[in-house]
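Here is the structure we will look at.
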Amino acid sequence: MKSILPAAVFVLMMSVGMSLRHDKRLAAYRRLTWSAWLRLLLATFIVPPAIALLLPHIFPLTLPEMSGLFMVGVAPGAPLMTRNIAKKGFDMHLAAGYQLWGALLIPVMIPLVVFAAGRFYDRDIWIPPHVLLKEITQKQFLPLLLGMALAYLLPAISDKLQRPMTVIGNVVLTVAIVAFLFKMGPVALKALTPWLPVAALVLAVGSVLAIRYLLRADVVTDRTLAICNANRHVGLALLLSGQYLHAKAALPAVAAYAIVAPFVMGATSKWFHRGEKAEPVKA
């Protein structure tokens, strides 16, 4: 079981690497000013975990459930390139570049955010940066580089493999989460707070709105990154919850977000396109 999630992430990251084109990624980066990058940092690493910490004051969540949602909020950049990003009006290269940017900042931001949040509960929680660096190097950067190398050396084969690999990776990731929930058993699942899916929905919507109202970049950038920000890294959240928060019961909260997030991303995409259709046609 423990190897299923890393395998799914590895496949998905290879797929992301196959989609990266160096020149287009740099062009996407240049669209953002320094102030926009700072706002993006806040929207990506600060606002979602802050929302997660507020959720127990709104919904009657247990401590493990709050811990699971908090770790989801802390971990951005899931290896999930949704079909929404490939639609007209979205920038897939920006989405992949954003994921790479987020992965580079994970060893810096996650320890700081988790430590600061722990102090609110009189707990000293420190996640060593080198542990995160090793984690993302093995499970994100290595497959990413392999995917980029394959795209460079064998572009035709890469184009054909990218979509099937994305589908396979997402299916394996979903099966792994369902298997973990099944392993918990019905007794543990019955103890869950009924408000948990609603809280996960609020976190996903809040992640979208954080980009929408904080970033204020061009239309394509706002649309793309709003969806990407809701696409939190549930695999990393699950790993950190078990190792550093000692909250194995946080799995249902992570799973709830994994189920809710795709619906939020799909609805966000339709919302953006509906706004396009509603705009009057100029003569």
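The values are calculated or read from the model by the stated rules, or taken from the named source; none is laboratory data. Every value quoted in this text rests on a predicted model; they were computed, and no experiment measured them. Note that we place each Cβ from the backbone using ideal geometry, even for glycine, and neighbour counts take in every protein chain shown. Heads up: the accessible areas ignore ligands, DNA and RNA and are worked out on the full protein's heavy atoms, side chains in. Shrake-Rupley method; radii C 1.70, N 1.55, O 1.52, S 1.80 Å.
Restricting attention to segment 13-40, which residues are of a type in the set (A, V, I, L, M, F, W, C) and modelled with pLDDT of 75 or more?
Residues of segment 13-40 that are of a type in the set (A, V, I, L, M, F, W, C), as a first pass: 13-14, 16, 18, 20, 26-28, 32, 34, 36-38, 40.
Matches in segment 13-40: MET13, MET14, MET18, LEU32, TRP34, ALA36, TRP37, LEU38, LEU40.
Just one of the numbered conditions (1) in contact with a helix residue (DSSP H, G or I) (Cβ under 8 Å, 6 or more places away or on another chain); (2) open to solvent by 80 Å² or more (accessible area, probe 1.4 Å); (3) not small (Gly, Ala, Ser) is not true of ASN170; which one?
Here ASN170 clears every test but (2).
Search segment 177-220 for residues being within 12 Å of ALA43 (Cβ to Cβ) and not aliphatic (A, V, I, L, M), and hand back the single one that is modelled with the lowest pLDDT.
Filtering segment 177-220 for residues that are within 12 Å of ALA43 (Cβ to Cβ) and not aliphatic (A, V, I, L, M), the one modelled with the lowest pLDDT comes out as ARG216.
Which residue is farthest from the chain's Cα centre (by Cα), if the candidates are limited to segment 68-87 and must be under 16 Å from GLY169 (Cβ atoms) and either small (Gly, Ala, Ser) or modelled with pLDDT of 80 or more (or both)?
ALA86
Would you confirm, using the coordinates I've provided, whether VAL108 is closer than 22 Å to ILE211 by Cα, open to solvent by 30 Å² or more (accessible area, probe 1.4 Å) and under 19 Å from the mean Cα position of the chain (by Cα)?
Against the criterion (closer than 22 Å to ILE211 by Cα, open to solvent by 30 Å² or more (accessible area, probe 1.4 Å) and under 19 Å from the mean Cα position of the chain (by Cα)), VAL108 qualifies.
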